[in-house]
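All remarks here apply to the structure that follows.
The values are calculated or read from the model by the stated rules, or taken from the named source; none is laboratory data. Quick caveat: nothing in here was measured; it's all calculated off a predicted structure. Positions of Cβ are backbone-derived with ideal geometry, glycine not excepted, and every protein chain shown enters the neighbour counts.
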Amino acid sequence: MSFSFLWGLATKAHLYSSKVRLAASARALVPRVTGHVLDVGAGAQPYRQYLPDGGSYVSMDISDTTGADIVGTVLEIPEEDRAFDGVICTEVIEHVSDPKGAIRELKRVTKPGALVYLTAPMSWGLHYEPYDYFRYTRYGLTAMLEEAGFRVVETRQIGGTFVMSWARISDTLVTLLYRIGFPLQYLIGSSARVTVLSLIAFPFVAVLDLIAAGADAIIPGARKDALGWAVLAENTGETDQL
């Protein structure tokens, strides 16, 4: 990872180890998603920056509070069949009670040959409760995608045992730091507070994350666990089997 990449993560309140890992995966795979692209559960649209120039982008979220272009859920995307050349769907399907239905919707709104970039956690703590239903292995994600008529092009593991363990610890500590430093927003503003606290935590989080990644690479068995998985899948145009 380049220094400018890490600096951008830190100053945009994305210093959490899990966010760093997710951003690195998106940086590697999202540029292959081209054309007219839908971002499902876009939130603050953190991965839009990795899309190649020349395409068009539509953000979708469950409410209009994020400024999304359209409002909807992944189970009922308010778009026509085969409307998109690609889809970004990150950290969404664990929050859906019918993940196979969600995959079918991604298939419905994409053209044959379209690429879908999908991520899901395998070893994460509870979040966005109570709407947190599932965790996934690479094999579970692959099975659901293939049954729906997708072909998995590439799968990337997001961390191993040590990165996962450190991410869980550091994410908790960074959250605690943000809470302890909350009063700073009355002195320097909310955005500046987050930036200052992130930069304080940066050396500690980044160095320990790199050490954890090294341990994952050299210690046998460490790759049996993961924070999550990123999958790039192609719509084959075949009828789903779900």
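For region 72-85, a residue qualifies if it is surrounded by fewer than 14 Cβ atoms within 10 Å (Cβ to Cβ) and over 19 Å from the mean Cα position of the chain (by Cα), and the qualifying residues are 76, 78, 80, 81.
Summed over region 218-242, the residues that are assigned to a helix (DSSP H, G or I) and without any contact (Cβ under 8 Å) to a residue 40 or more places away in the chain give a count of 1.
Listed by position, the strands (runs of 3 or more DSSP E) enclosed by region 48-124 that each have at least 1 residues that are of a type in the set (Lys, Arg) and touching a residue at least 60 places away in the same chain (Cβ under 8 Å) are 110-121. Scanning region 24-36 for residues that are buried (at least 23 other Cβ atoms within 10 Å of the Cβ) and more than 13 Å from residue 118 (Cβ to Cβ) yields nothing.
So residue 205 fits all but one of (1) out of contact with any helix residue (DSSP H, G or I) (no Cβ under 7 Å at 6 or more places or on another chain); (2) in a helix (DSSP H, G or I); (3) at pLDDT below 90; what number is the exception? Among (1) out of contact with any helix residue (DSSP H, G or I) (no Cβ under 7 Å at 6 or more places or on another chain); (2) in a helix (DSSP H, G or I); (3) at pLDDT below 90, residue 205 violates only (1). In summary, residue 195 fulfils each of the numbered conditions (1) within 26 Å of residue 30 (Cβ to Cβ); (2) of a type in the set (Val, Ile, Thr); (3) loosely packed, with under 12 Cβ neighbours inside 10 Å with the single exception of condition (3). In region 168-179, the residues that are exposed (fewer than 15 other Cβ atoms within 10 Å of the Cβ) reach residues that are outside any helix (DSSP H, G or I) with C-beta atoms within less than 9 angstrom, at least six apart or across chains, in these pairs: 172/125; 175/16.
Just so you know, in region 113-138 the residues that are at pLDDT 95 or above and among the polar types (S, T, N, Q) include one that is surrounded by the most Cβ atoms within 10 Å (Cβ to Cβ), and it is 119. The combined condition, being acidic (Asp, Glu), under 30 Å from residue 17 (Cβ atoms) and at pLDDT 95 or above, is not fulfilled by residue 69.
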